[in-house]
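Comments concern the structure below.
We did not get these values from a lab; they are worked out from the coordinates using the rules stated. Computed from a predicted model, the values in this text were never measured in an experiment. Cβ sites come from the backbone with ideal geometry, for glycine too, and all protein chains shown count toward neighbours.
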Amino acid sequence: PGLTSCSAVCVDLTTDPRNCGTCDRRCAAGEVCNEGTCQAACGPGLENCSGACVDLASDELHCGDCAVRCAGNEQCRSGACACVPDCTGRSCGASDGCGGTCMTGSCGSGLRCVSGSCVCDGTSCGGCCSGGQCQSGTTNSACGRGGAACTVCAPSQTCGSSSGAPCINATLLQSTNGGISSGGHRIVVDPLGQNVYFLDQNNSTTNMRIWRVPTSGGAGQVVASGLNWPVSIAVDSQNLYWTSIADSTVVAQSLSTATRRVLASGQYFPMDIVVRDSTTVYWSACDTSSATQCYVWSLPVSGGAPGSLYTLTGGGNPSLALLLPNLYVASAGLRRVVSIAVAPGGSSTTVDNPGRYINHVDARSGRVAWIVPPSATGAFDGLVKGTSVGGTPLVIASGQAPYSVAVDAANAYWITDSGNSQALYKAPVGGGSSTLLLDNLRAYNIAVDANYVYFLGGAGWGNGLFRTPK
């Protein structure tokens, strides 16, 4: 600064007798360059150093004496050369050029400079910190958020999904390419409890697929692919069944040969489906594309013409659950749970009529459970209700925002919103306190067998089928 290039040489036009005031202006013999002007003598406070009038207290070329020149990283201060620290463009903790350390500067991704050291903390790292480095916090080997120390999840655990989530007691059985959403992606366990079947969006509504995953562990297998927007699935000892909302069909596929056959066509907006082992299939669908009238239909597995079993009112994506001798039906449009006798000893009656939406029902081992969603988005006034077959409905849990339920002989299990994520709870069907099984989930549909609760969604930063002990 303060220098001018004259013939490719940087000079001070205020003091240089060969370039005094401008390039190539030489002062005469006996003159000095005083503040850019050739004069007979230097002004007050300036010293004549070979024709240059300089301030020995501050001139880096003549510091304290005409013969003393400061180094490039020094400044002349009070007539003495002093090193000037410079951290411009340097990394945090680098040398400042004067034997010191840069207290500021750049750091690696997820780190920040604190007093000359790059640190990983909640200000710099959205994941977790391990060995002074910021990790994504999304893997089982380094799990955590908010700049906390990374946690290593146990083999039976999965890294939780929400901010600051810990390792949760769930295992990923089968990952998927596509997302798992809340809209009609059924999960079922086969009658012998040997396999779990689930729908995989596969990032497409026209190329979806169905997985079969052994409950004993091991690799899953895609047993049906290239499906055109299936909504729900069912399985018995011989066949896999699904409804296709795009094709308006109900389809059966042999478990042994993978041969497919259309059981029913012209089924507009078919939704949930259940099966009585190798005997009868039940599903919900409308009879026209305008969806002005919808029914619960039944059809022998062997084939034939579908028969309307129950008239649905109000639409609302009906949910079906089969527990002989009854078929249980719930939907947002019905605003009640009904049982339909489908075998000797059954009872066609209204099980519950809360006057609010009901959007999921499950039945097993002599128990029926259903959910009443919250009154509005963001509200927590939903209910989990249930009863023994033929009994009086009970409120199993209140203050919920539930949307999927499963039941066994002792408990109801449900997924509910819990702020920024979802949680899995259980409670006795006959009444009692709720128990939190898992938190920090992105979970949707669930199913149970003798030992586990299975759920679709994401317990970490992946999607697929997970399970956790009951």
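Quick notes
- For segment 45-182, the dipole from Cβ point charges (+1 on Lys and Arg, -1 on Asp and Glu) about the Cα centre works out to 900 debye, to the nearest 20.
- Database remark: amide H of residue 148 closer than 5 angstrom to the amide H of 129 (H placed geometrically; neighbours at sequence offset of 5 or more, or on other chains; Pro and chain starts carry no H).
- Along principal axes, Cα extents of the chain, largest first, whole Å: 129, 45, 43
- Along segment 64-81 the Karplus relation, 6.51 cos²θ - 1.76 cosθ + 1.60 evaluated at θ = phi - 60°, assigns HN-Hα couplings of x, 7, 4, 8, 9, 10, 6, 5, x, 9, 10, 10, 8, 10, 6, x, 9, 6 Hz to successive residues, with x for each Gly and Pro.
- DSSP beta bridges fully contained in the chain are about 95 percent antiparallel.
- Dipole magnitude of the chain, debye to nearest 20 (Cβ charges: Lys/Arg +1, Asp/Glu -1, about Cα centre): 2320 debye
- Listing 466, 380, 198 from fewest to most neighbouring C-beta atoms within 10 Å gives 380, 198, 466.
- Segment 317-414: translational diffusion in µm²/s, Stokes-Einstein, Kirkwood Rh over Cα pairs, 20 °C, 1.002 mPa s: 164 µm²/s
- Label zone at residue 101, where the point sits 7 Å out along the Cα-to-Cβ direction: segment 125-139 residues whose backbone N lies under 20 Å: 130-134
- Annotation: amide H-H contacts under 5 Å for residue 351 (H modelled 1.01 Å from N, sequence separation of 5 or more, or interchain): 337, 338, 339.
- With θ taken as phi - 60° and the Karplus curve 6.51 cos²θ - 1.76 cosθ + 1.60 applied, the whole-hertz 3J(HN,Hα) list for segment 22-38 is 7, 4, 6, 9, 9, 6, 5, 4, x, 9, 10, 9, 10, 6, x, 10, 6 Hz, x standing for glycine and proline.
- As a ratio to 2.2 N^0.38 Å, the alpha-carbon radius of gyration computed for segment 96-156 takes the value 1.34.
- Taking label positions 7 Å along the Cα-Cβ direction at both residue 332 and residue 50, the computed distance is 9.0 nm, reported to one decimal.
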